[in-house]
């Protein structure tokens, strides 16, 4: 039994450390499978010895649901959670510094320093530990009384159930912010929307709503995190002399603390920190609505004291807002390069964060219907992160009956062609749709596709504007004599264009298929499809067989799902698209069947730029190492220079951005096929 007890204690320690590495350090130190094995072994031992299992066990994160009719129990705060003063503008910060110095002048000659930290936009909570074990968590409430949310806080990522280190105080009370990472929020909303459930307006509302749930299992299923911002009480241990020391102590105990902080001497330093952090705001994983300035010294804080409602030693310097309310005037539907129909809101102009906003994204038809958005609604508009403004919901309570339903078009608003659903989006299938043509041809000639020399993006726009490039197939039947007459063209440039087109007439079949810009059918999907259907005739013949049979045959290919199969079949099923491909063949295009060599697969990874998003079966550092070993490069920023986005489960905003930028998206299964090849 002694050996079993030792194993159990070691498992508890290891699982706490693994949780800390994953949630607090964001650097997983073991695979999910290894964590699961350790956790299951812990459960097995606890079944044999239930008396060993106490409140600090890793198995006790998710407790029983609250069954009381009254919900959460009211609890009085030992130290009131009073508000802090919110200030706007630099002059008010200069005044804050002046008031602090004036308040201390009669008490001490010591000059204060100020610690600056982000003001996280989450839900505050106070956590109490006795002899190193979490015993109670209380919401802010009215500052005097809060609600006992202990069971829910235990299920929040990054909350230590017992403190790290050997010397825990008899009583420790810390305060912090419960938050939801923006990427996790977006992924959660996508999942709620897909299940037909109500989505949340923003991460703070999602956090508050989740913490009010009576079932901790729901809390555990959502991506909540806790970040400590204050050490309030230390009983049976030495209280820290400064806030900076206290935060280091909190970090040593196992809490996440802000990675963004600075100690400054005066208002000028505070204002600079505010400016610097606001400029980084859109790239930080959590939402913030300002900066908090605190006198660093605990002694000086005590000398300054508090007013009736706010402490004199701290203030918040707010940012410009990210959300405003305005009127939805209209919804226009735009057509993208791949034919995707995207609704765009036309708004009554409103200033959000110093920028006048008149348009916002609405994503797709289901987004509009799920949020019950109507023309003429007052809507909440959000501008955050590196995405364009979006409508997060209507203000239904102010409707007066004049609002009108919006009906999503079933035909392309540009060419009148049929718009078919594929997944949650609708697509125009016409290869020569005017709205798609320029970007489709620009993609076709790019290095990612046919890599045609002698013609770039500007030349495509020019030739289309002059009426010399009115369809995708016309690229292979250009009037070179007419082009020679255009501004900026000479004999050499026309010859280079002619040579470039001629050199592109025998592309590898998968390169040609990818160049057509079919939704969800990028370079890697084209490779695996063309390995099975190895001629243009075989691909076009898919339109002649039963659709279910065709979907089944395509879905047998590793890395090709039903949605991708449906997208390819919709495209080749269009008579206009088949005619366009046959016209290209008539102009001399001869796609070549080819067995893909090891070098071909290597080229798919070597020197390519990858971005990772979502949850993968291994840790991100592991996947990064695999890609880099194969010669690829992994970055954290998605741009037009990115070759592939590797999307795991619950991929969020990066997935939408990749689709907008035309970046090829690979599933984990697809990238592993490439790497294994």
Any idea what angle helix 575-586 forms with the longest principal axis of the chain, computed on alpha-carbon atoms, 0 to 90 degrees, nearest 10? 60 degrees
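Please label the shape of segment 85-318 as rounded, prolate or oblate, based on the square roots a ≥ b ≥ c of the eigenvalues of the alpha-carbon gyration tensor (a/c under 1.5 means rounded; beyond that, a/b larger than b/c means prolate, else oblate).
Values: a/c = 2.12, a/b = 1.36, b/c = 1.56.
Oblate, because a/c is 1.5 or more while a/b does not exceed b/c.
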Whole-Å semi-axes of the ellipsoid equivalent to segment 479-595 (Cα gyration tensor, √5λ, descending): 33, 14, 12
Value at 222 nm in deg cm²/dmol, rounded to 500, when DSSP H runs of n ≥ 4 in the chain each add -39,500 (n - 2.57): -11000 deg cm²/dmol
Simple label model, 7 Å out from Cα along Cβ direction - residue 74 to residue 499, nm: 8.6 nm
Quickly work out the residue 7-to-residue 421 label distance, labels modelled 7 Å from Cα along the C-beta direction, and quote it in nm with one decimal. 5.3 nm
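Between rounded, prolate and oblate, where does segment 121-171 land on the alpha carbon gyration tensor, with a ≥ b ≥ c its root eigenvalues, rounded for a/c under 1.5, else prolate if a/b exceeds b/c? Before the final figure, lay out the partial values.
Values: a/c = 2.31, a/b = 1.65, b/c = 1.40.
Taking the square roots of the gyration eigenvalues as a ≥ b ≥ c, segment 121-171 is prolate.
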Can you give the angle from 0 to 90° between the axis of helix 562-572 and the longest principal axis of the chain, with both taken from C-alpha atoms, to the nearest 10? 30 degrees
What is the percent of Cα-Cα separations in segment 308-376 that go past 20 Å? 48 percent
In what sequence do 238, 414 fall when counting other Cβ within 10 Å, fewest first? 238, 414
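At 0.36 nm per residue, minus the direct Cα-Cα distance, what do residue 131 and residue 451 gain on full extension? Give it in nm, one decimal, please.
On the way: separation 320, 0.36 × 320 = 115.20 nm, distance 6.68 nm.
Residue separation times 0.36 nm, minus the Cα-Cα distance, leaves 108.5 nm.
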Place a point 7 Å from the Cα of residue 669 in the direction of its beta carbon; the residues of segment 627-654 whose amide N falls under 14 Å from it are 647-649
Per-pair calculated FRET efficiency, R0 = 35 Å: residue 325 and residue 615 via Cβ, rounded to 0.05: 0.50
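I need 524, 558 ordered by Cβ neighbour count within 10 Å, fewest first. Mind showing how you got there, number by number?
Values: 524 23, 558 11.
In order of increasing Cβ crowding within 10 Å: 558, 524.
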Helix 434-445 vs. the chain, principal-axis angle (Cα, 0 to 90°, nearest 10): 90 degrees
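Evaluate the relative contact order of the chain (contact order divided by residue number), counting alpha-carbon pairs under 8 angstrom at least 6 apart; express in whole percent. Before the final figure, lay out the partial values.
On the way: 1215 pairs, mean separation 69.8, N = 677.
Relative contact order comes out at 10 percent.
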For residue 238 paired with residue 213, estimate the spin-label separation in nm (one decimal), with each label point 7 Å from Cα along the Cα-to-Cβ line. 4.3 nm
When a/c reaches 1.5 or more, the comparison of a/b and b/c decides; with that in mind, is segment 192-279 rounded, prolate or oblate per its Cα gyration tensor? oblate
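Normalised by the empirical 2.2 N^0.38 Å for globular proteins, what value does the Cα Rg of the chain take? Mind showing how you got there, number by number?
Values: Rg = 29.9 Å, N = 677, 2.2 N^0.38 = 26.2 Å.
Here the Cα radius of gyration is 1.14 times the empirical estimate.
Tell me, 480, 129, 240 in order of fewest to most beta-carbon neighbours within 10 Å? Before the final figure, lay out the partial values.
On the way: 480 13, 129 23, 240 16.
Least crowded to most crowded, the residues run 480, 240, 129.
Between residue 562 and residue 307, what length comes free when the chain is fully extended (0.36 nm per residue of separation minus the Cα-Cα distance, one decimal in nm)? Please list the in-between numbers first.
Values: separation 255, 0.36 × 255 = 91.80 nm, distance 6.39 nm.
So the extension gain works out to 85.4 nm.
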Chain lengthening between residue 487 and residue 358 when straightened (0.36 nm per residue, less Cα-Cα): 42.8 nm
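Read-outs throughout are calculated quantities, based only on the coordinates presented, and are distinct from any laboratory measurement. For clarity, every value in this text was computed on a predicted model and none was experimentally measured. Reconstructed Cβ throughout: ideal geometry from the backbone, glycine too, with neighbour counts over all protein chains shown.
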